[in-house]
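Participant: Below you will find the structure I want to go over with you.
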Amino acid sequence: MLMRKLVNLLLIGIIGMLLGACSTNRILNDPKNGKDKDTLQIPIVHDVYNYNGKPNADVLSIFNSNGDVRISKSETNDLKVKTKLVQTKSIKDIDKKLNNLAIKPKIEKGVIFYEPLYTNNKNQNYWEWIKSSLNANGIQVNFDVQIPQTIKEVRIYSELGNINLQNISAKIHAQTNIGTITSANINPLDSAVFKANIPSRGENALDISLSSIDNVSSITAGVTSGNIVFNLPSGSEYIYNQMDPKQMPVTYPYDMYSKEQFEYCKEHSLEIFKPIEIKQGKTVIKTVTNKESFRKISIRQQ
């Protein structure tokens, strides 16, 4: 037991050092800390992709290895997607990294799927190309998406990045390996799954605020490290269960940036849409945590 605790602490320490080299963790990259002389005082934001249209899709799916994803409600009937490359350090080969980044959605079986792609081979993930050819240190690709009511499900798979959901009503799967998942005024449909292995900043790995749980049968939240916070509407009725990690693994089954990992996330991103099921009975809230890590679970009504 003691050895397992030491291994967990060592893992968290190693990941903490890795975060110091990643642009996603803005706290560790703050130039005021004086930890990295190459860090820019003001990040440079490069526009990469803009889309505004009405795709024939029920599901929005995003797989992004390094960068933040923000999903909010569209005030029109259009899906709006903005993608930016954020440069947080002085980089000599930034033009090469920009010129080889492409965004092209894939639409099949009711799913519109986004991932950063390598310009010269749009079957290859951009981060997979970066890993084999260059260095990802100092850059991240951020997605800012507004979804119309026609989008019934949202799937987000991230390896290193934060996920933020605002004012949406959809079935949800949001997962990040190193990052924080936050939400405000969301109304999940059918089911909602939130997985954050280790938070990128602060103590909360999951900080979820909901406007309603009237249309969601189950909400599942899993972390390895960090706290879980749920803010529910006043008067919400639910059943709470604590799950064993063996019942629902919080981490991805493969190593970060591995070929198997890319294939796994793509496969799940493109799964066929299943019709939304009508809620029966009370909402079941389930949490999955590592029993040996320092974490708190808070479910409050406001």
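The values are calculated or read from the model by the stated rules, or taken from the named source; none is laboratory data. Since the structure is predicted, the reported quantities are computational estimates derived from the model, not experimental observations. Cβ placement follows ideal geometry from the backbone for every residue including glycine, while neighbour counts extend to all protein chains displayed.
Participant: Give me the pairs: first residue in segment 189-201 and assigned to a strand (DSSP E or B), second residue surrounded by fewer than 24 Cβ atoms within 10 Å (Cβ to Cβ) and small (G, A, S), beta-carbon distance under 8 Å, and six or more apart or on different chains, which are they?
Facilitator: Here the result reads D190/S217; S191/S217; S191/S218; A192/S218; N197/S225; I198/S225, each pair linking segment 189-201 to a residue that is surrounded by fewer than 24 Cβ atoms within 10 Å (Cβ to Cβ) and small (G, A, S).
Participant: Regarding segment 203-212, can at least one residue be identified that is among the aliphatic types (A, V, I, L, M), closer than 18 Å to I151 by Cα and in contact with a strand residue (DSSP E or B) (Cβ under 7 Å, 6 or more places away or on another chain)?
Facilitator: Of the residues in segment 203-212, the ones among the aliphatic types (A, V, I, L, M) are 205-206, 208, 210.
The next check asks that each one be closer than 18 Å to I151 by Cα; those that pass are none.
Scanning segment 203-212, I find no residue that is among the aliphatic types (A, V, I, L, M), closer than 18 Å to I151 by Cα and in contact with a strand residue (DSSP E or B) (Cβ under 7 Å, 6 or more places away or on another chain), so the answer is no.
Participant: Here's another thing I want to ask about it. Any idea how many residues of segment 255-273 are in a loop (DSSP other than H, G, I, E, B) and modelled with pLDDT of 95 or more?
Facilitator: Number satisfying all stated conditions: 4.
Participant: Which residue pairs have Cβ atoms closer than 8 Å, lie 6 or more positions apart in sequence or on different chains, and pair a first residue in segment 254-265 that is more than 16 Å from I62 (Cα to Cα) with a second residue that is surrounded by 16 or more Cβ atoms within 10 Å (Cβ to Cβ)?
Facilitator: Listed by first residue and then by second, the contacts come to Y254/Q261; Y254/Y264; D255/Q261; M256/S65; M256/E159; M256/L160; M256/N177; K259/E128.
Participant: Give segment 172-191 a look and list any residue that's small (G, A, S), in contact with a Lys or Arg (Cβ under 7 Å, 6 or more places away or on another chain) and surrounded by 20 or more Cβ atoms within 10 Å (Cβ to Cβ), or say none. Lay out the reasoning, then the answer.
Facilitator: Taking segment 172-191 first, the residues small (G, A, S) are 174, 179, 183-184, 191.
With in contact with a Lys or Arg (Cβ under 7 Å, 6 or more places away or on another chain) added as a condition, the list becomes 191.
Matches in segment 172-191: none.
Participant: Just the residues that are buried (at least 23 other Cβ atoms within 10 Å of the Cβ), part of a strand (DSSP E or B) and over 11 Å from the mean Cα position of the chain (by Cα), please, taken from segment 155-171.
Facilitator: Answer for segment 155-171, where residues must be buried (at least 23 other Cβ atoms within 10 Å of the Cβ), part of a strand (DSSP E or B) and over 11 Å from the mean Cα position of the chain (by Cα): just K171.
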